[in-house]
Amino acid sequence: MGAIEDNFMNSDFSRLIVRNYQKIAEKLFYTSTINLLIGFGNTKTNNDQTYDLNQFKMSFNPGICYFLSEKVAIRTSLGEIAYHQNKLEGDDNEKVKNEYKGVDFNFGLSHLSFGAT
(Lines give C-alpha, C1' and ligand atoms only; values in the text may rest on other atoms or scores of the structure.)
Protein backbone atom coordinates (compact mmCIF):
# COMPACT_ATOMS: atom_id res chain seq x y z
CA MET A 1 0.00 0.00 0.00
CA GLY A 2 1.38 3.41 -0.91
CA ALA A 3 1.52 6.36 1.42
CA ILE A 4 -1.86 7.99 2.00
CA GLU A 5 -2.04 11.58 0.84
CA ASP A 6 -3.07 14.01 3.56
CA ASN A 7 -5.06 16.13 1.13
CA PHE A 8 -7.47 13.44 -0.14
CA MET A 9 -9.77 11.99 2.46
CA ASN A 10 -13.54 12.07 2.25
CA SER A 11 -15.39 11.03 5.41
CA ASP A 12 -18.58 11.54 7.40
CA PHE A 13 -18.84 11.16 11.17
CA SER A 14 -21.76 11.01 13.58
CA ARG A 15 -21.44 11.43 17.34
CA LEU A 16 -23.82 10.70 20.19
CA ILE A 17 -23.04 12.02 23.69
CA VAL A 18 -24.92 10.94 26.83
CA ARG A 19 -24.07 12.55 30.19
CA ASN A 20 -25.32 11.57 33.66
CA TYR A 21 -25.11 13.91 36.68
CA GLN A 22 -24.89 12.61 40.27
CA LYS A 23 -25.11 15.19 43.04
CA ILE A 24 -22.16 15.49 45.44
CA ALA A 25 -23.03 18.84 47.06
CA GLU A 26 -25.56 21.61 46.39
CA LYS A 27 -23.90 22.84 43.15
CA LEU A 28 -21.25 20.15 42.63
CA PHE A 29 -21.92 17.02 40.55
CA TYR A 30 -20.00 13.94 39.43
CA THR A 31 -20.49 13.37 35.68
CA SER A 32 -20.34 10.18 33.65
CA THR A 33 -20.12 10.82 29.91
CA ILE A 34 -20.48 8.20 27.21
CA ASN A 35 -19.39 9.12 23.66
CA LEU A 36 -20.24 7.08 20.58
CA LEU A 37 -18.51 7.96 17.30
CA ILE A 38 -19.20 6.29 13.95
CA GLY A 39 -17.46 7.30 10.73
CA PHE A 40 -17.37 6.19 7.10
CA GLY A 41 -15.35 7.48 4.19
CA ASN A 42 -12.59 6.80 1.69
CA THR A 43 -9.02 7.79 1.07
CA LYS A 44 -6.65 7.68 -1.89
CA THR A 45 -2.97 6.66 -1.99
CA ASN A 46 -0.13 8.08 -4.09
CA ASN A 47 -0.55 5.21 -6.59
CA ASP A 48 -4.26 6.07 -7.15
CA GLN A 49 -5.69 3.18 -5.13
CA THR A 50 -8.86 4.01 -3.23
CA TYR A 51 -9.60 2.52 0.18
CA ASP A 52 -12.79 2.54 2.25
CA LEU A 53 -12.42 3.67 5.85
CA ASN A 54 -14.78 2.57 8.65
CA GLN A 55 -14.33 3.85 12.20
CA PHE A 56 -16.10 3.15 15.48
CA LYS A 57 -15.26 4.49 18.95
CA MET A 58 -17.08 4.22 22.26
CA SER A 59 -15.63 5.94 25.32
CA PHE A 60 -16.39 6.70 28.95
CA ASN A 61 -15.18 9.96 30.55
CA PRO A 62 -15.56 10.65 34.30
CA GLY A 63 -15.65 14.25 35.48
CA ILE A 64 -16.81 16.97 37.85
CA CYS A 65 -19.34 19.72 37.12
CA TYR A 66 -19.98 22.88 39.15
CA PHE A 67 -23.19 24.83 38.43
CA LEU A 68 -22.72 28.61 38.52
CA SER A 69 -26.46 29.12 38.01
CA GLU A 70 -29.48 26.94 37.24
CA LYS A 71 -28.49 26.63 33.54
CA VAL A 72 -24.73 27.41 33.36
CA ALA A 73 -21.97 25.11 34.63
CA ILE A 74 -18.22 24.64 34.44
CA ARG A 75 -17.08 21.07 33.93
CA THR A 76 -13.83 19.16 33.82
CA SER A 77 -12.96 15.60 32.95
CA LEU A 78 -9.80 13.65 33.52
CA GLY A 79 -9.16 10.63 31.39
CA GLU A 80 -10.94 8.23 29.13
CA ILE A 81 -11.63 4.53 28.81
CA ALA A 82 -12.25 3.76 25.14
CA TYR A 83 -12.80 0.97 22.62
CA HIS A 84 -11.65 1.70 19.05
CA GLN A 85 -12.20 -0.15 15.81
CA ASN A 86 -10.74 1.14 12.54
CA LYS A 87 -10.87 -0.76 9.26
CA LEU A 88 -9.26 0.18 5.92
CA GLU A 89 -10.42 -1.93 2.94
CA GLY A 90 -9.19 -1.98 -0.66
CA ASP A 91 -11.11 -1.80 -3.94
CA ASP A 92 -13.28 -4.67 -5.24
CA ASN A 93 -12.34 -8.13 -3.95
CA GLU A 94 -9.18 -6.92 -2.19
CA LYS A 95 -8.63 -8.20 1.30
CA VAL A 96 -8.48 -5.92 4.34
CA LYS A 97 -5.35 -3.81 4.19
CA ASN A 98 -5.35 -2.56 7.76
CA GLU A 99 -7.56 -3.27 10.77
CA TYR A 100 -7.15 -2.07 14.34
CA LYS A 101 -9.17 -2.98 17.41
CA GLY A 102 -8.22 -2.00 20.90
CA VAL A 103 -9.10 -0.77 24.35
CA ASP A 104 -7.37 2.32 25.73
CA PHE A 105 -7.06 3.56 29.30
CA ASN A 106 -5.95 7.20 29.06
CA PHE A 107 -5.60 9.04 32.35
CA GLY A 108 -3.27 11.92 33.08
CA LEU A 109 -2.76 15.61 32.49
CA SER A 110 -2.68 15.15 28.70
CA HIS A 111 -6.35 14.08 28.89
CA LEU A 112 -7.51 16.83 31.22
CA SER A 113 -10.28 18.94 29.65
CA PHE A 114 -12.32 21.95 30.75
CA GLY A 115 -15.58 23.27 29.36
CA ALA A 116 -18.83 25.09 29.95
CA THR A 117 -22.31 23.64 29.78
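Annotations for the structure displayed:
- Selected residue (criterion: modelled with the highest pLDDT) from residues of segment 37-67 that are within 22 Å of residue 98 (Cα to Cα) and among the aliphatic types (A, V, I, L, M): 58
- Members of segment 14-59 found to be over 25 Å from residue 107 (Cβ atoms) and part of a loop (DSSP other than H, G, I, E, B), listed by number: 26, 27, 46, 47, 48, 49
- Within segment 65-81, the residues that satisfy the criterion of being part of a strand (DSSP E or B), surrounded by 15 or more Cβ atoms within 10 Å (Cβ to Cβ) and either touching a Gly at 6+ places or on another chain (Cβ under 8 Å) or touching a residue at least 40 places away in the same chain (Cβ under 8 Å) (or both) are 65, 67, 73, 75, 77, 78.
- Residues within segment 60-75 that are closer than 23 Å to residue 106 by Cα and not aliphatic (A, V, I, L, M), tallied: 6
The values are calculated or read from the model by the stated rules, or taken from the named source; none is laboratory data. Predicted model, so just to flag it, every value in this text is computed and none were measured. Here Cβ is always computed from backbone atoms with ideal geometry, including for glycine, and neighbour counts include all displayed protein chains.
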